[in-house]
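> Pasting a structure here, questions to come.
The values are calculated or read from the model by the stated rules, or taken from the named source; none is laboratory data. Just so we're clear, the structure is a prediction, and the values are computed from it rather than from any experiment. A quick note on method: Cβ atoms are made from the backbone with ideal geometry, for glycine too, and the neighbour counts reach across all protein chains shown.
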């Protein structure tokens, strides 16, 4: 019985080690842009899981990952208590979502916000959005997506 337990333990250890080795060596450097322009909180949470899974598979050091938000997608960063003073219906940056966003940023993910949407939806990036700096603002979300794709970024719309 001890031999069987030892054998099973060895197999489990080897498979775990092999999975890590494959994840680290199976993918090269990647440049990726995720596109979010919808306000459904479940879909946005799913996108954050997709991004984390992407990082887990490829490794943060092997990724140049950007998230471009425009239109209703800004609700991902809009705090719930400020949504009513904007032209967006939802503010999905709950404490839980803020923790996910911070965790992704800590792994090198850049969140880029459309200036056209800020203006059109009457959103102040300083007062209404979670953890957005002036450097995170791009003139046009759609134009930024096209620019990044022209620079070799793979486009993903979760």
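> Taking the conditions exactly as written (modelled with pLDDT of 95 or more, surrounded by 14 or more Cβ atoms within 10 Å (Cβ to Cβ) and out of contact with any helix residue (DSSP H, G or I) (no Cβ under 6 Å at 6 or more places or on another chain)), does residue 57 satisfy them or not?
Here the answer is no, as residue 57 does not meet what is asked.
> When you scan segment 129-158, how many residues do you find that are over 15 Å from residue 65 (Cα atoms) and not in a helix (DSSP H, G or I)?
So the answer is 9.
> Which residue pairs have Cβ atoms closer than 7 Å, lie 6 or more positions apart in sequence or on different chains, and pair a first residue in segment 139-152 that is at negative phi and surrounded by 15 or more Cβ atoms within 10 Å (Cβ to Cβ) with a second residue that is at pLDDT 95 or above and in a loop (DSSP other than H, G, I, E, B)?
If the second residue must be at pLDDT 95 or above and in a loop (DSSP other than H, G, I, E, B), the pairs left are 141/70; 142/70.
> Checking residue 126 against (1) free of Cβ contacts under 8 Å to residues at least 40 places away in the same chain; (2) surrounded by 15 or more Cβ atoms within 10 Å (Cβ to Cβ); (3) not in a helix (DSSP H, G or I), only one condition comes out false. Which one?
Here residue 126 clears every test but (2).
> Hey, any hits in segment 95-111 for a residue that's touching a helix residue (DSSP H, G or I) at 6+ places or on another chain (Cβ under 7 Å), modelled with pLDDT of 95 or more and part of a strand (DSSP E or B)?
yes
> Okay, moving on. Please identify the pairs in which a residue from segment 73-88 that is in a helix (DSSP H, G or I) has its Cβ atom under 9 Å from the Cβ atom of a residue that is modelled with pLDDT under 95, counting only partners at least 6 apart or on another chain.
Nothing qualifies.
> Looking for whichever is crowded, with 19+ Cβ neighbours inside 10 Å, modelled with pLDDT of 95 or more and under 18 Å from the mean Cα position of the chain (by Cα) here; the options are 118, 63, 88. Which one fits?
Every option except 63 fails the conditions.
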